[in-house]
Structure formats: C-alpha cells, structure tokens
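Reading through the structure tokens given below for one structure.
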Amino acid sequence: MDLMQTLRERAAARPMRVAFPEGDNETMMRAVRELADQKLAECVLVGDGAELERLAGERGISLEGIEVVDINDEEANAACCERYLAHPDCKYKPKGAARRMTRPLERSLILQVLGDVDVMFAGIANATGDIILAGQTIVGLADGVETISSCGIAQVPGWDGGEGGLIGFGDSAVCVNPTPAELASIACASSDTVAALTGWDVRCALLSHSTDGSMDNELVDKVREARDIANESRPDLKIDGEFQFDAAINPKVAAKKVHHDSEVAGHANLLIWPDINVGNIGVKIIQNLTGADAYGPMLQGFKKIVCDCSRSAPVSEIVGNVVMSCVRAQALAEGE
C-alpha cells in the first residue's frame, strides 16, 4: 500500500473539520465535494453564502453534507465575534475583530482559534505570504518554533533507502536563507510533521557540502550551529549533521566519511536543506531524474494546521494535501 492510500484510510477513520475560504473557486469547490463524498473530511465553506449556492448550482455541484458559514449573516457574525473577543488568543479590539468576521480567510482562521474547525486550507486564490501572515497573526506560532517553514515527502520508485523508498525533506518553499536558529526550528518541525504523517522513527540529517568536519567555512558553520541548537532544544529527536547527501542516505559512504557514532548517518529518512536554493533544486532533481511523487510542501510551525496549496493545483492535489493536513490534525489533537 502506498503512502497516500494509507493516509486516506487514516483520514477517513477520524474525519477532521476543515475550513475552506476559497470555495467560490471551481477547482476548490470540486475538491471539497470529492472530500465530502469520500468522507475524508468534514468540510466547511466560508464565504458569501448566497454566492456559493449560486455558483454551486451553475456548476452542477451539490453542497449537501457541506456546511456553509455565511459571512453576510450578521447575527452569526456577531455571535462569533463575541466568542472570539472573549478568547485569550484574540489580538483585536471589537471593531477590528468585527471586520474580520466578513473576510473568508481570516474568519476561517478565527474558527480554528475557537476550535470550531481543525484545519484551514487555502492557496488557490490567496498568496502564500498572505496566508502565512494571517496565520501568524491570528493562530500564532507553536511553542518553541522560531519560524514558519515547510516540508514534504517523496516516494522514489526503485529505491530502497530512506524508509522503504520514502524520504522527507524541508524546507524547499518558504525560508529563503534560514539562520542557524531557524534551520534548527525547520529540522525540529519537520521531524514532528513527518512523524505525525508516517509514524516513523525519524532520522533527520542536516545537509551541507561538508561531512563531519571535512571542510570549514561559514556555510558549514551555520549547519553545525543549527545541529547543536536542535539537539539542545529537542534532545528527544534524532537530528545530526553536517552531512553531504550521499553520507546522509548511503550506509557505505557514511562508514567512510562519518567519524562519530550516529543514528542518522547513512540511514536518514528526513533531509534538511541549508537554504531554499538547495531545497528547490534538490526536490526538482529527485522528481525529474527518478520519477518520484512528491507530496507537499506542507506549512508547519503554527499552533494549528494552516495549509497552503499551489495556485495551479488540480482537484487531485488539493484532495491529497487536505488528507495529509487532516492526519497531521489528528496527531495534534491526540497530543493536546
């Protein structure tokens, strides 16, 4: 059974409530219908209720079994605003909170804060930067997290490394040139995300052009410092480096190049890129040279599961990313 099938079964076993502030987009609406039909999530469309109904009718899409939060319902807005103002995580005064009741993205995030939904999923109409900013402002960062980042998982055909041909990676989409503290935060958050999705014993390698002291320069120093910060802040995680790519995933190479005892070297199932250049290039090399399926990237570091998809994402990609988000939300709920 492949990874996505396993995740779909987990999502269906305990459906999470997911808010969609972009239901007026036809691709997103069709993805929501598929999620509801397959009972993979309890879907909540947030927007202009009358317009959503009109668009659904035009498109021949039934909204049966899908909840609609109408941002034009003044009574419901007032009730939600009152609850939000009483919540300790509310950062707005009454007028500011009231304005956000009528903005689908922010209303969806507020529903998360209130515990009415477990996941917020957007990105086909909202820019990634806007989603991250709104998520940081309304939902906030998880304890101990330095920065919002992303990670993904690749399924590499014909490869028996990583974890049965699967390998996690982060961050290839959000953090451009992370500081040592931010790189450590990416490693810790990615370890938690991959563990939540897969149940693996995560072995996280911080990548570099140097392995275990083979070179000395500021690029290598950043990775070493990140390792030390991560190990000090999260001694429960297996995070090591600096390793070159081959020393991280190949036991024979690791045996020659790594001169200290390591549970990660040669057996990594999660790779942390030193910056977005390496990350973006690395993921595209893996995909194009091996035919790997890459799942993600998934935003991480928020108190709740806040999700972003590509502007060009098809229905299948949206459904897959929502499924992964719901499994992460399950793990978060179990840990609370």
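A few remarks follow.
- Thr290 paired with Trp159, simple spin-label distance in nm, labels 7 Å along Cα-to-beta-carbon: 0.1
- Size check on region 54-121: the Cα extents along the three principal axes, sorted descending, read 41, 23, 16 Å.
- Per-residue packing, averaged as other Cβ atoms within 10 Å, sorts the ranges 265-271, 176-182 into the order 265-271, 176-182, beginning with the highest.
- For the peptides 143-156, 231-244, 49-62, 210-223, residues were scored by their other Cβ atoms within 10 Å and the scores averaged per peptide; the highest-first order is 143-156, 231-244, 210-223, 49-62.
- Per-residue extension of 0.36 nm, minus the Cα-Cα distance of Asp246 and His259, leaves a gain of 3.2 nm for this segment.
- Averaged per residue, the chain has 44 square angstrom of accessible surface, using a 1.4 angstrom probe with ligands and nucleic acids left out.
- Rg over Rh, two decimals, region 61-100 (C-alpha only, Kirkwood Rh): 1.11
- Across the protein chains, with a 1.4 Å probe defining accessible surface, the residues Trp200, Trp273 rank Trp200, Trp273 from largest area downward.
- For the chain, a Kirkwood radius taken over Cα pairs fed into Stokes-Einstein (4 °C, viscosity 1.567 mPa s) yields D = 63 µm²/s.
- Potential lengthening between Arg99 and Asp275 on full extension [0.36 nm per residue; Cα-Cα distance subtracted]: 59.6 nm
- Sorting Leu289, Leu206, Leu114 on solvent-accessible area from highest to lowest, probe radius 1.4 Å, gives Leu289, Leu114, Leu206.
- Cα-based equivalent ellipsoid of region 1-130: semi-axis lengths in Å, sorted from largest, via gyration tensor: 26, 18, 13
- Averaging the sequence gap over all C-alpha pairs within less than 8 Å and six or more residues apart, then dividing by the number of residues, gives the chain a relative contact order of 22 percent.
- Residue-wise HN-Hα coupling along region 113-121, computed from phi with Karplus coefficients 6.51, -1.76, 1.60 (Hz; x: Gly, Pro): 4, 7, x, 6, 9, 9, 9, 10, 10
- Average Cα contact separation per residue, region 209-336, under 8 Å, 6 or more apart, as relative contact order %: 15
- Taking every DSSP beta bridge that has both ends in the chain, the antiparallel portion is near 35%.
- Computed [θ] at 222 nm, helices only, for the chain once each DSSP H run of length n ≥ 4 contributes -39500 (n - 2.57): -14500 deg cm²/dmol
- Other residues within the sphere of radius under 15 Å centred on the Cβ of Gly291, judged by their own Cβ, net out at -1 (K and R +1, D and E -1).
- Rounded FRET efficiency, nearest 0.05, which uses the C-beta distance separating Glu51 from Asp236 and R0 of 56 Å: 0.70
- Taking the C-alpha atoms only, the angle from helix 49-59 to the longest principal axis of the chain is near 80 degrees.
- Taken over region 180-308, the alpha-carbon convex hull comes to 118 cubic angstrom per residue.
- The chain: angle of helix 218-233 to the longest principal axis, Cα-based, in degrees nearest 10: 70
- Per-residue extension of 0.36 nm, minus the Cα-Cα distance of Gln136 and Asp201, leaves a gain of 20.5 nm for this segment.
- Within the listed set Thr290, Thr198, Thr137, the residue fluctuating most in the Gaussian network model of the chain (springs between alpha-carbon atoms under 10 angstrom) is Thr290.
- Residues Ala78 and Ala127, FRET efficiency given R0 of 25 Å [Cβ-Cβ distance, rounded to 0.05]: 0.25
- Apportionment of accessible area to carbon and sulfur, region 18-127, percent (1.4 Å): 46
- The accessible-area ordering, largest first, of the residues Ser262, Ser191, Ser316 stands as Ser316, Ser262, Ser191, per a 1.4 angstrom probe.
The values are calculated or read from the model by the stated rules, or taken from the named source; none is laboratory data. It should be emphasised that the depicted structure is a prediction, and the values quoted were computed from it without experimental measurement. Virtual Cβ from ideal backbone geometry, glycine too; neighbours counted across all protein chains shown. In case anyone asks, the SASA skips ligands and DNA or RNA and just uses the protein heavy atoms, side chains included. Shrake-Rupley method; radii C 1.70, N 1.55, O 1.52, S 1.80 Å.
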